[in-house]
Amino acid sequence: MNMKLFVSDLDGTLLNSDHELPEHSKDTLKRAMAMNIPVCIATGRSYRDILQIFSDFEEKPYIISSNGASLYDTNGDKLHGVSIPNEQVKEVITYLKAHKLQFEVSDDEHTYVTEWGIDLLKKELEDVGATDQTKKEELKNDVLGIVMSQGNLKIVSSIEEILERISGANSISSISAYLNKIHKAMAYFTMDKRIRTFSSWKYNFEMTNRATSKGIALKVLCKKLNVDLEDVVSVGDNYNDLSMLKISGYKVAMENAVPNVKSLADKVIKSNDEQGVAELLNSLLDDLERQ
């Protein structure tokens, strides 16, 4: 296989369960870039949040943020962008609040949450913990933990304040400890042909402009780099990774990936907590050095 571009998701893939990028994984990505193999991070996180994760990289990777809403090159120049207009953002988050669902609104600079939403998540955790302490601990990390781990998080007082601060949203997402609430809202928004609706793990769903996906942004990047999709290695773990995996020449799933991703993959590697991506990438780089 002739790898000319390496693409990886973050949460559940490169990042461990504490939402951190281990040093060995950092070193492996830097090794690839030093060998002139472009590295692209493709994630649901917003651009500034991703930059903080890679703050100690002298050379930055290419970045597909907000599940394909934005694409940035290694110099921080925006190559591609599609957003949800403010009037539609207001419509969506007003619905979510009315149905007692927390929401996040992301642009390139920040991810906005309301004080109301954070309080709602904390109450859900307490309610769940009253009957199931084990599930409460799981949700503390998977629900509240991932929200609070975002380095560019802005907690605001109201929907109106969010709308004043943004000029279109890259993505809108909702997280809940109650799967029935998530599934019901996701089914509702799936009917809206203006937006793309999907889940990146079982406790959330996300929305972007209909013309947005990781796969669409990857095609744009490959055209810019003059790289054939057959020469792309992509790694992911969840439903929002399917669009980029389907078009990549070599598709890789994490051991902790959902069944749909595993069934599509050419190879299944060790879990995110075992740094499976680093082991895979080092092996591919070793093969290139032997050529």
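For this structure, a couple of remarks:
- Unit charges on C-beta of K, R, D, E only; dipole of region 84-209, Debye: 420
- Taking every alpha-carbon pair under 8 Å whose residues sit at least 6 apart, region 84-209 reaches a relative contact order of 32 percent.
- Above-threshold pairs, the threshold being 28 Å between Cα atoms, out of 181/223; 123/193; 184/214; 214/267: 181/223; 123/193
- Applying D = kT/(6 pi eta Rh) to region 84-209, where Rh is the Kirkwood radius over alpha-carbon pairs, T corresponds to 4 °C and eta to 1.567 mPa s, the Stokes-Einstein value obtained is 88 µm²/s.
- If both residues of a DSSP beta bridge must be in the chain, then about 50% of such bridges are antiparallel.
- Over 31 Å [Cα-Cα, the chain], rounded percent: 25
- Residue 84 long-range amide H proximity, modeled H, under 5 Å: 169, 170, 209
- Hits among aspartates and glutamates - C-alpha to C-alpha of residue 262 under 14 Å, sequence gap 8 or more where chains match: 237, 241
- Charge dipole of the chain (Cα centre as origin; +1 on each Lys and Arg Cβ, -1 on each Asp and Glu Cβ, all else neutral): 1020 debye, rounded to the nearest 20.
- Mean-position separation - Cα centroids, region 1-52 and region 211-243, in angstrom: 14
- One Cα centroid belongs to region 148-170, the other to region 58-113; the line between them spans 10 Å.
Only the coordinates and a few stated rules stand behind these numbers; no lab work does. Bear in mind the structure is a predicted one, so any value in this text is a computation, not a measurement. Neighbour counts run over all protein chains shown; Cβ positions are idealised from the backbone, glycine included.
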